[in-house]
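The values are calculated or read from the model by the stated rules, or taken from the named source; none is laboratory data. Bear in mind that the values here come from a model prediction, so they are computed numbers and not experimental data. Please note: Cβ atoms are built from the backbone with ideal geometry, for glycine as well, and neighbour counts cover all protein chains shown. Quick note on the areas: whole protein, heavy atoms, side chains included, nothing else; ligands and nucleic acids left out. Shrake-Rupley method; radii C 1.70, N 1.55, O 1.52, S 1.80 Å.
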Amino acid sequence: MKSLYDELAEKLKQDPRLTRHSLARADLGLLLFNAGDALRELWAAADAELTDARAQGRSPSPRLEAAVNALRPIFGERRTTSAH
């Protein structure tokens, strides 16, 4: 059984051109936008789990750690630098 995300991603792979507006691309964008708050909360929970595991001396799941690190630029704290 495929998820809605899987179905849209598969359609997008069939025609991945960025210059062409596709229904699959729009649908996928809306799907992810609408799930943004839940995805942010899921990321925060996973990041906290990694922190807790390290604090307890446990090795965190490599798969979970890779996913958290991949999403860190989107959901993690941004370090701002002043251009002045």
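Structure notes:
- Residue selected from the range 3-29 under the condition modelled with pLDDT under 85 and charged (D, E, K, R), by the criterion most open to solvent (accessible area, probe 1.4 Å): K13
- Whichever residue in the range 29-84 is within 14 Å of the chain's Cα centre (by Cα) and outside any helix (DSSP H, G or I) and, among such residues, is farthest from E10 (Cα to Cα): G76
- Residue tally, condition open to solvent by 40 Å² or more (accessible area, probe 1.4 Å) and either closer than 18 Å to P73 by Cβ or not hydrophobic (A, V, I, L, M, F, W, C) (or both), over the range 30-44: 9
- When residues of the range 45-79 are limited to those that are aliphatic (A, V, I, L, M) and more than 25 Å from L4 (Cα to Cα), the one surrounded by the most Cβ atoms within 10 Å (Cβ to Cβ): L50
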